[in-house]
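Step one of this worksheet: look at the structure below.
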Amino acid sequence: MIKFLIKRLLEFIPVLLIISFIVFTLVFVAGDPVALLLPEDASQEDIENLREALGLDRPFIVQYGTYLSGLLQGDFGKSFRYNSDALPIVLERLPATIELALSAMVVAIIIAIPMGVWSASKRNSFVDLFATGGSVLGKAMPNFWLGIMLILLFSVTLGWLPVSGRGSWMHLILPAITLGTGIAAEMTRLIRSSMLEILSQDYIRTAKSKGLRKFLVIYKHAFRNSLIPVITITALQTSTLVGGALVTETVFSWPGLGQLLIQAINTRDMAIVQASVFVIAILVILMNLIADLLYRVLDPRIKYN
Amino acid sequence: MKKIICFLPFMFVLIVLAACTNNSSTENEQPAETEEGTKETGTTSNGESKELTIAIGSDMLGFDIHNHNNTSTESIHQNMFDYLFKRDENNELQPWLAESYEILDDMTIEIKLKQGVKFHNGDEFKAEDVKFTLERVATDETLKENPNYKQIKEVKIIDDYTVQIITHAPEPSIIHRLSRLGSGMLPKKYIEENGWDYFLENPIGTGPYKYVEWVRDDRIVMEPFEDYFQGKVGEWDKVTFRIIPEDSTRVSELLTGGVDIATNIPPADWERVESNEGTSLKQEVSNRTLFIVLRATEGYPTADVRVRQAIDYAIDDGTLTEFALQGAGIPTLSMVGPGNFGHEASLYDTYNYDLEKAKQLLEEAGYSDGFEMTLHAPKGRYLQDAEVAELIVGMLAQVGITVNLEFMEWSNFVELRNANENKDAYLLGLGNSMYDGAYSVDWYRSTRMEGHTDYKNEEIDQLLADSQVNMDPATREIQIQEIQKIVAEDVPHINLYLEKINTGVSDRINFTPTSDEMLYVPTITRN
C-alpha cells in the first residue's frame with residue numbers, strides 16, 4: 001500500500017508540470033493583461049512602462065522559466081490585480097469552495113441513494129419513471145438557470161432564504177441544492193444501473209431464497225457492491241463540482257475559488273489563474289487517489305499491485 | 001408505505017425549507033429594547049437599522065491607493081481616505097484637507113493644511129504625510145497611478161502645516177489631480193513604522209469611516225471614525241460593501257431588502273426595481289462619453305471631412321439613447337461633459353441628424369453610391385454597447401454606407417487599438433476622473449494620434465499647446481471650449497452620448513448617485 005501511494009504521488013509530478021505548462025501557455029496566448037490594467041486613455045509609453053515593470057516584455061520561454069523556478073519554491077507570483085502573492089489569496093478561498101462542494105455532495109447523496117436504489121428495486125414502476133425522468137431533468141437544468149430560479153422562488157417570492165453571500169447555514173442551502181442537483185442526477189442514474197446489474201446476480205437470488213428480508217438483500221448485499229462505480233464517478237465529479245462551483249459561486253456571490261477564478265480570467269490575472277488551476281488540479285488528483293484507496297475498503301479482492 | 005419512503009428526500013428538503021422560514025423571520029425581528037428604552041447598537045430609538053449595505057459588482061483591488069485606477073475601488077476608498085481638495089455638489093473644487101492655496105509661480109503651488117486633522121490611529125495629519133504620499137506616486141513608475149502624478153517634481157515642507165508642490169512644467173490641472181484617485185493622504189509615520197504590508201492589511205486614513213474587515217470577493221466593512229475632522233458621521237454605525245458580481249442576484253438582494261443600494265442595474269431589471277414596493281431606480285448622467293473614432297489616414301473614405309460629417313448626420317443619437325439605452329443616455333456633440341472644467345454647454349444635449357444632408361455630403365465627397373467600412377466594437381463593456389453598434393450599422397446603411405461590424409473581446413480590442421491596427425472606425429467610451437476637459441480634448445492632439453487615426457488640425461494643436469501651460473483658468477477654459485467647437489465641425493470622432501449611471505435604491509434611504517460614480521457614505525441618509 002505504501003509503495004502504491006509513493007508511486008501515485010510520484011506520478012503527480014509530471015502531471016502537474018504538464019498542467020503548469022498548458023495553463024501558462026493558455027494564459028500567455030490569451031492576451032496582454034497590461035491592456036486591462038490601465039485606463040482607456042493610457043499612452044503607449046505608460047503601457048510599455050508597466051509591461052516592463054511586470055516583466056511581461058520578456059520572451060515566453062524566459063517568463064515560463066521564471067514562473068517554473070518560482071513554482072518549485074512554492075511561489076506562484078504576484079497577482080496583478082490585488083498586488084499581493086497569488087497562492088495565499090487562492091488558499092484563502094479554498095475553505096468556502098470545499099464547504100460548498102461538500103454540502104452539494106451531501107445534497108446529491110441524500111437525493112441519489114434512495115432514488116437510485118428504489119428505482120432499481122421497482123423497475124418500470126411509477127417510482128422508476130419518476131427517478132429516471134427526474135434525473136434527466138436534473139442533469140438538463142443548467143446551474144446558472146437553476147440558481148436564479150431558486151433565488152426567485154425561495155428568496156424573492158417566498159422570502160424564506162437569503163439571496164446570496166456566505167454567513168449562516170441558511171446561506172448554504174440554495175447554492176448547495178443548485179450545485180448538488182446535477183450531481184444527484186448523475187449519481188441516481190449510475191446507482192440505478194449498477195443496482196440493476198447486481199440485483200440480477202446469482203448471489204442475490206441465493207440471498208433472497210434464504211428468506212432474508214428484502215431491505216437486507218438490497219442494502220447489505222446489493223447496494224454495497226454497486227458502490228464501486230459510484231465512488232469512481234463521485235471522485236470524477238470533483239472536477240464537475242469545481243466547474244459547477246465557478247457558475248454557482250458567481251450566481252450566489254459565494255466567495256470561493258470559483259468566483260476568484262472567473263474574475264481572474266476576466267482580468268487576465270495570470271498568477272491567480274495559474275495558482276487556482278494548480279490547486280484545483282491537486283484537489284482532483286487527490287480525490288482520485290482517495291477513490292483508489294476506497295476501492296480496497298469496499299472490495300478486499302482489489303490489489304494495489 | 002414504500003411510496004411514502006421514496007418521497008423522503010423531497011420531504012426532507014421541504015422540512016429544511018420550512019425550518020428556514022421560521023429562522024428567517026426570527027433573524028428579521030428587531031433587537032430587544034435595553035433598560036434605557038433604547039435599542040441595541042445598530043438601530044435607532046424607533047427601531048430603524050443603522051447598518052448600511054451597498055451591493056457592488058466587483059471587489060475592491062486592495063488598499064494601495066496609488067496602484068489601481070479602478071473607479072469601483074475608489075468609490076469605497078473615498079470613505080477612508082481624504083484628498084487635499086474635493087469637488088462639491090456643483091462639481092466645484094474646494095479645499096478639503098487643504099485650508100487654502102496660492103499659486104506662487106507657474107510651477108509652484110503652496111498649500112496650507114488644516115490643523116487638527118487626525119488619522120484613524122490618532123496621529124495628526126501633517127505636511128510630511130503630503131510629501132510622503134505625493135512623492136511616492138510621482139516617482140515610482142511601477143505604480144498604476146504614476147502617469148497621472150509624474151508631473152510633480154517635488155513636495156517641499158515649509159512647516160508642519162504648509163507644503164509647496166513643485167512641478168516639472170506648468171501644470172494647470174494640479175488642483176484637479178489633487179482631488180482624485182491616487183491622491184488620498186497616507187500616514188507616513190504609521191507606514192514607515194509598520195511597513196507597507198502591514199498597512200495593506202490594516203489600512204488607516206483620515207476619512208469619515210475606518211476599516212473593520214475585508215473578506216475578499218465577499219464584503220468590506222467600515223465603521224464611523226469618532227475623531228473625523230468634520231465631526232463624526234453618525235448616520236450609520238456600520239457600512240458594508242457587498243460584492244455581488246451577478247446582476248440578477250444583486251437586483252434580487254435589493255428587492256428582498258438584503259442591500260440598500262445596488263449599483264449597475266441592467267436595463268432588463270429597471271422595471272422590476274421601479275415597480276417593486278420599497279425600491280426605486282435612480283439615474284444620473286455619468287462622466288463617460290461614448291463616441292466613434294474615425295480614421296483620417298489618407299486612403300480611407302473617412303479622411304474626407306465631408307464623409308465624417310455625413311456619418312455624423314446619418315446617426316440618430318436620439319434613437320440610440322431612447323431605444324437602445326431606454327433613456328439612459330444624453331446625446332452630445334462633445335466629449336467634455338457637464339461638471340468638467342471647459343464644458344461647452346451649447347454642444348450638450350443636442351445632436352446632428354439629417355439623412356438628406358448626409359447623402360448630399362457623401363455625394364459631394366464622391367461617394368454617392370456609398371462605400372464599405374469596418375466598425376470595431378466591444379461587447380458588454382458599456383451599457384447596451386452591442387445594441388448601439390447594431391443600430392448604427394442600420395442607420396449608416398440608410399445613406400449607402402455598408403458597415404462590417406466586428407465585435408471584440410475587450411482585451412483584444414485594447415490590443416488592436418494599442419497596435420494601431422484599428423480600421424475605419426471603432427466604438428469607445430471614455431470617462432474623465434480629472435473632471436478637466438483638457439484630458440478629453442487631448443485625444444485630438446496630432447502627435448498623439450499619429451499612426452492611429454492620423455487626424456491633424458493645426459488650430460487644435462496650437463490651442464492644446466497653449467492650454468497645456470496656461471495657468472489662467474479663465475482663458476484656459478475658453479481654449480478648451482474652442483477646441484470642442486472645432487471638433488464639432490471637423491468631426492474626428494462622432495460623439496454620441498453620455499451614459500447614465502443606473503442605481504437601485506431602497507426607499508429606506510436617501511441617495512442620489514453622482515456622475516463620478518462614487519459611493520460617499522456621508523451623503524447617504526436614512527429616510
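The values are calculated or read from the model by the stated rules, or taken from the named source; none is laboratory data. Since the structure is predicted, the reported quantities are computational estimates derived from the model, not experimental observations. In this analysis, Cβ positions are derived from the backbone assuming ideal geometry, glycine residues included, and neighbour counts consider all displayed protein chains.
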Condition set in contact with a Phe, Trp or Tyr (Cβ under 8 Å, 6 or more places away or on another chain) and buried (at least 24 other Cβ atoms within 10 Å of the Cβ), scope region A:257-271, selection farthest from the other protein chains (Cβ to nearest Cβ): answer is A:ALA271
Can you find even one residue in region A:142-163 that is under 30 Å from B:GLU201 (Cα atoms) and either within 11 Å of another protein chain (Cβ to nearest Cβ) or modelled with pLDDT under 90 (or both)? yes
Of the conditions (1) aliphatic (A, V, I, L, M); (2) modelled with pLDDT under 85; (3) touching a Ser or Thr at 6+ places or on another chain (Cβ under 9 Å); (4) surrounded by fewer than 19 Cβ atoms within 10 Å (Cβ to Cβ), A:VAL29 satisfies every one except a single condition; which number is it? (3)
For region B:203-217, name all the residues that are part of a loop (DSSP other than H, G, I, E, B) and within 14 Å of another protein chain (Cβ to nearest Cβ). B:PRO203, B:ARG216, B:ASP217
Mind counting the residues in region B:436-464 that are away from every other protein chain (no Cβ under 14 Å) and closer than 20 Å to B:ARG177 by Cβ? 1
Within the bounds of region B:138-159, is there any residue that is more than 14 Å from every other protein chain (Cβ to nearest Cβ) and among the hydroxyl-bearing types (Ser, Thr, Tyr)? no
Has region B:285-301 got at least one residue that is surrounded by 23 or more Cβ atoms within 10 Å (Cβ to Cβ), under 30 Å from B:LEU254 (Cα atoms) and in contact with a helix residue (DSSP H, G or I) (Cβ under 8 Å, 6 or more places away or on another chain)? yes
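Which fully enclosed helices (runs of 4 or more DSSP H) of region B:359-473 have 3 or more residues being in contact with a helix residue (DSSP H, G or I) (Cβ under 9 Å, 6 or more places away or on another chain) and buried (at least 19 other Cβ atoms within 10 Å of the Cβ)?
Values: elements: B:385-397, B:410-418, B:437-441, B:446-449, B:458-468.
Fully inside region B:359-473 and qualifying: B:385-397, B:410-418, B:437-441, B:458-468.
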Restricting region B:139-159 to residues that are acidic (Asp, Glu) and in contact (Cβ under 8 Å) with a residue 40 or more places away in the chain, the residue that is surrounded by the most Cβ atoms within 10 Å (Cβ to Cβ): B:GLU145
Can you confirm whether region A:51-74 contains a residue that is surrounded by 15 or more Cβ atoms within 10 Å (Cβ to Cβ), facing chain B (nearest Cβ under 10 Å) and either in contact with a Pro (Cβ under 8 Å, 6 or more places away or on another chain) or free of Cβ contacts under 8 Å to residues at least 40 places away in the same chain (or both)? yes
When you scan region B:218-240, do you find a residue that is polar (S, T, N, Q), out of contact with any His (no Cβ under 9 Å at 6 or more places or on another chain) and facing chain A (nearest Cβ under 9 Å), even just one? no
Sort through B:TYR228, B:TYR190, B:TYR161 and tell me the only one that's farther than 30 Å from A:GLY55 by Cα and touching a strand residue (DSSP E or B) at 6+ places or on another chain (Cβ under 7 Å). B:TYR161
Out of all the residues in region A:108-126, is one or more more than 28 Å from A:HIS171 (Cα to Cα), touching a helix residue (DSSP H, G or I) at 6+ places or on another chain (Cβ under 6 Å) and without any contact (Cβ under 8 Å) to a residue 12 or more places away in the chain? yes
Does at least one position in region A:264-286 carry a residue that is of a type outside the set (A, V, I, L, M), assigned to a helix (DSSP H, G or I), in contact (Cβ under 8 Å) with a residue 24 or more places away in the chain and within 21 Å of A:ILE109 (Cβ to Cβ)? no
Just one of A:LEU102, A:LEU54 is on the phi < 0 side of the Ramachandran plot and more than 27 Å from the chain's Cα centre (by Cα); which is it? A:LEU54
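Okay, residues lined up against (1) closer than 16 Å to B:LYS188 by Cα; (2) in contact with a helix residue (DSSP H, G or I) (Cβ under 9 Å, 6 or more places away or on another chain):
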{"residue": "B:LEU93", "(1), (2)": "no, yes"}
{"residue": "B:LYS131", "(1), (2)": "yes, yes"}
{"residue": "B:LEU143", "(1), (2)": "no, yes"}
{"residue": "B:LYS150", "(1), (2)": "no, yes"}
{"residue": "B:ILE174", "(1), (2)": "no, no"}
For region B:385-405, state whether one or more residues are more than 15 Å from B:ILE311 (Cβ to Cβ) and within 10 Å of chain A (Cβ to nearest Cβ). no
